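Novice: Got a structure here, written out as structure tokens. Questions coming.
The values are calculated or read from the model by the stated rules, or taken from the named source; none is laboratory data. Note that the structure is predicted; figures quoted are calculated from it, not measured. Positions of Cβ are backbone-derived with ideal geometry, glycine not excepted, and every protein chain shown enters the neighbour counts. With ligands, DNA and RNA removed, areas are computed over all heavy atoms of the protein, side chains included. Shrake-Rupley method; radii C 1.70, N 1.55, O 1.52, S 1.80 Å.
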Amino acid sequence: MKILFATNNAHKLAEVSAVLGPQFTLTTPREAGIAEDIPEDQPTLEGNALQKARYIHARTGLDCFADDTGLEVEALGGAPGVRSARYATDGHDFAANNRLLLRNLEGCGNRQARFRTVIALILGGEEHLFEGIVEGRIDTREAGCGGFGYDPLFIPDGFACSFAEMSAEEKNAVSHRGRAVRKLAEFLHETIERS
Ligand code: IMP
């Protein structure tokens, strides 16, 4: 089965493709002739994921899905949340984002945080949402050099090290995106078996 994933990020594509398995061939917006940036200007992760999936579907008519992820820090009222990519600057400046997060939590005892991923799927014209969450805490200093984004600061519950200190396999097994993608995979496999 062919399905379009609304990302041109090769790393994400490979990660999601591995979880979905060989029954599914993922294509990209670029391969479907969409060269422009896909809009994502909604105030929630759900809104952004749906906006991206609807945009692709309206232009191609293909079965497709899109994801959006945010880091939600309890003491900051859920920030940076939907603005996680552009927390400190307008670009995806991971180092600046991490510095700002540490500064905003300086002296704060409550370091509780969670990563949340939402996937919006449009299959046969019908919309479905899947959510993956990992709870954890924000450390007082960066540790590790794996992963990306806030990984050096995020320690998932049940672990003593940050996401950036884990292998990709260890992170995927517990991560927000891993959990959301496994829910998507389960749904797609059940749908194929029923048809
Ligand atoms: P996206 O929706 O996957 O593009 O994620 C938005 C932003 O959230 C990214 O630019 C990162 O700052 C952050 N983020 C998403 N997933 C992760 C992760 O697995 N580790 C660390 N940061 C992440």
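Novice: Once fully extended, how much extra length lies between LEU62 and PHE187, figured as 0.36 nm per residue of separation less the alpha-carbon to alpha-carbon distance? Numbers along the way, then the final one.
Specialist: On the way: separation 125, 0.36 × 125 = 45.00 nm, distance 1.75 nm.
Once the chain is fully extended between LEU62 and PHE187, it gains 43.2 nm.
Novice: If eta is 0.692 mPa s and T is 37 °C, what Stokes-Einstein diffusion coefficient results for the stretch 65-162, Kirkwood Rh from Cα pairs, in µm²/s? Please list the in-between numbers first.
Specialist: Working: Rh = 14.2 Å.
Diffusion coefficient, whole number: 231 µm²/s.
Novice: Next question, about the same structure. Using only C-alpha atoms and all pairs of different ones, pull out the Kirkwood radius for the chain in Å with one decimal.
Specialist: Details: mean 1/r = 0.0575 Å⁻¹.
For the chain, the Kirkwood estimate is 17.4 Å.
Novice: May I pose another question? How high is the FRET efficiency between ALA18 and ALA160 when r is their beta carbon distance and R₀ equals 41 Å, given to the nearest 0.05? Don't skip to the end; give the middle numbers.
Specialist: On the way: r = 27 Å, r/R0 = 0.66.
E between ALA18 and ALA160, to the nearest 0.05, is 0.95.
Novice: Still on this structure: How high is the relative contact order of the stretch 109-195, given as a whole-number percent (alpha carbon pairs under 8 Å, six or more residues apart)? Mind dumping the intermediate values first?
Specialist: Values: 143 pairs, mean separation 24.0, N = 87.
Relative contact order for the stretch 109-195 comes out at 28 percent.
Novice: Share of the chain's accessible area from carbon and sulfur, percent, 1.4 Å? Numbers along the way, then the final one.
Specialist: Details: 4780 of 9660 Å².
That fraction is 50 percent.
Novice: Out of the stretch 58-105, which trypsin sites (Lys or Arg not before Pro) are coil in DSSP terms and have no more than 13 other C-beta atoms within 10 Å?
Specialist: Values: sites: ARG59, ARG83, ARG86, ARG99, ARG103; in loops: ARG83.
Of the trypsin sites (Lys or Arg not before Pro), the ones in loops of the stretch 58-105 whose Cβ has at most 13 other Cβ atoms within 10 Å are ARG83.
Novice: On average over all directions, what projected area in square nanometres does the stretch 111-173 have, based on the convex hull of its Cα atoms?
Specialist: Values: hull surface 20.1 nm².
Mean orientational projected area (the stretch 111-173, Cα hull): 5.0 nm².
Novice: Let me have the relative contact order for the stretch 2-194, percent, based on Cα pairs under 8 Å that are six or more residues apart. Working shown, then result.
Specialist: Details: 353 pairs, mean separation 32.5, N = 193.
Computed value for the stretch 2-194: 17 percent relative contact order.
Novice: Another question, then. Quick one: if you stick a label point 7 Å off each Cα along the C-beta vector at ALA168 and HIS128, how many nm between them?
Specialist: If labels sit at ALA168 and HIS128, their model points lie 2.6 nm apart.
Novice: Follow-up question, since we're still on this one. Using alpha carbons only, how many degrees (0 to 90, rounded to 10) separate the axis of helix 45-60 from the longest principal axis of the chain?
Specialist: 30 degrees
Novice: Once label points are set 7 Å from the Cα along Cα→Cβ at both ALA10 and ALA95, what is their separation, rounded to one decimal in nm?
Specialist: Inter-label distance under the simple model: 2.4 nm.
Novice: Okay, next question. Nearest 500 deg cm²/dmol is fine: what mean residue ellipticity at 222 nm does the chain get from its DSSP H runs of n ≥ 4 alone, each adding -39,500 (n - 2.57), divided by its residue count?
Specialist: On the way: 5 runs with 64 residues, N = 195.
Mean residue ellipticity at 222 nm (helix-derived): -10500 deg cm²/dmol.
Novice: Just the accessible area per residue of the chain, please: how many Å² with a 1.4 Å probe? Let's see the in-between values first.
Specialist: Values: 9660 Å² over 195 residues.
The answer is 50 Å² per residue.
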